[in-house]
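Engineer: Attaching a single structure in structure tokens format; questions to follow.
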Amino acid sequence: MKTYNTHQRKALIDFLQAHSKEAFTVEEIVEKMSGGGISQSTAYRLMTKLVEDGLVHRSVKGNSRSFVYQYVNSEKCDGHLHMKCTDCGKVYHLDHSVTALIQNDIKESTHFEIDSHTMLLGKCGNCK
Ligand SMILES: [Zn+2]
Ligand SMILES: [Zn+2]
């Protein structure tokens, strides 16, 4: 059963991929995609699915109740750590080399092995 439109799903993914360094609310996405002819309810439904599929990361924006969405392909992101800003909800990818550095350092001093799916929380440069 197909409850969503494949064409709209693709348009949504394309948009998010093109702006993978930014996190948007669904309202912002619909607004920026104007011309894409996607309704808010469709966008919400598609986003939920994309989050389930591991293509999009959902975060709470600051201490508001709204969510922001960002293209984070969990498959491609296997093997490096991420940092998430608790204010704007944006996710930052750490280089593999930086990830290895942190993991090795911690492992050497504490014998603790950090799971690469760990999300480091903090404040990004834009929100400080
Ligand atoms: Zn990543
Ligand atoms: Zn931020």
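The values are calculated or read from the model by the stated rules, or taken from the named source; none is laboratory data. Keep in mind the model is a prediction, meaning the values are calculated, not measured. Every residue, glycine as well, gets a Cβ built from its backbone with ideal geometry; the counts of neighbours run over all protein chains shown. The protein model used for the area step is the full one, side chains on, heavy atoms only, and it has no ligands, DNA or RNA in it. Shrake-Rupley method; radii C 1.70, N 1.55, O 1.52, S 1.80 Å.
Engineer: Past 21 Å, Cα to Cα, is the threshold; run Lys76/Lys123; Lys61/Lys123; Lys76/Lys107; Lys32/Lys76; Lys21/Lys61 against it and keep the listed order.
Structural biologist: Pairs exceeding 21 Å: Lys76/Lys123; Lys76/Lys107; Lys32/Lys76.
Engineer: Rounded to the nearest whole Å², what accessible area per residue is found for the chain with the 1.4 Å probe?
Structural biologist: 64
Engineer: Give me the percent of the accessible area of the chain that comes from carbon and sulfur atoms, probe 1.4 Å, all protein chains in place.
Structural biologist: 51
Engineer: May I ask for the percentage of alpha-carbon pairs in the chain that lie more than 18 Å from each other?
Structural biologist: When all Cα pairs of the chain are counted, 57 percent exceed 18 Å.
Engineer: Could I ask something else about it? If you wrap a convex hull around the Cα atoms of the range 77-128, how much volume per residue is inside, in Å³?
Structural biologist: Per residue, the Cα convex hull of the range 77-128 comes to 79 Å³.
Engineer: In addition: With only Lys, Arg, Asp and Glu charged, each at its Cβ (+1 for the first two, -1 for the last two), find how big the charge dipole of the range 1-73 is about the Cα centre; round to the nearest 20 debye.
Structural biologist: 160
Engineer: I would also like to ask the following. Starting from 0.36 nm per residue, how many nanometres of slack lie between Ile102 and Ser74 once their C-alpha separation is accounted for?
Structural biologist: 8.1 nm
Engineer: Something else about it: In whole angstrom, note down how far apart the Cα centers of the range 1-61 and the range 94-113 are.
Structural biologist: Each part's Cα centre sits 34 Å from the other's.
Engineer: While we're on this one: Charges on Cβ only, +1 for Lys and Arg, -1 for Asp and Glu, centred on the Cα centroid of the range 1-83; of Asn63, Ala43, Phe24, which one is farthest towards the dipole's positive end?
Structural biologist: Highest projection toward the positive end goes to Ala43.
Engineer: Rounding to the nearest 10 and keeping the result within 0 to 90°, find how far the Cα-based axis of helix 96-110 lies from the longest principal axis of the chain.
Structural biologist: Long axis of 96-110 versus the principal axis of the chain: about 40 degrees.
Engineer: Enumerate the amide H contacts of Val56 below 5 Å, restricted to partners 5 or more residues apart or on another chain; note that Pro and chain-start residues carry no placed amide H.
Structural biologist: Residues meeting the amide H criterion: Val51, Val72.
Engineer: Now a separate question. Angle check, please: helix 40-52 long axis (alpha carbons) against the longest principal axis of the chain (alpha carbons), in degrees 0 to 90, nearest 10.
Structural biologist: Compared with the principal axis, the helix lies near 30 degrees.
Engineer: I would also like to ask the following. Using Cα atoms only, what is the angle between the long axis of helix 6-18 and the major principal axis of the chain, expressed in degrees (0 to 90) to the nearest 10?
Structural biologist: Taking Cα atoms only, the helix is inclined about 40 degrees.
Engineer: Another question, if that's okay. Gain in length, Val51 to Lys32, computed as 0.36 nm per residue apart minus the alpha-carbon separation, to one decimal in nm?
Structural biologist: 4.9 nm
Engineer: If Cys127, Cys85 are ordered by their accessible area, calculated over protein heavy atoms with a 1.4 Å probe, which sequence runs from highest to lowest?
Structural biologist: From most accessible down to least: Cys127, Cys85.
Engineer: Follow-up question, since we're still on this one. Quote the charge dipole size of the chain about the Cα centre in Debye, to the nearest 20; the model charges only the Cβ of Lys and Arg (+1) and of Asp and Glu (-1).
Structural biologist: 520
Engineer: Order the peptides 111-121, 96-106 from the highest to the lowest mean number of other Cβ atoms within 10 Å of their residues.
Structural biologist: Descending packing order for the listed peptides: 96-106, 111-121.
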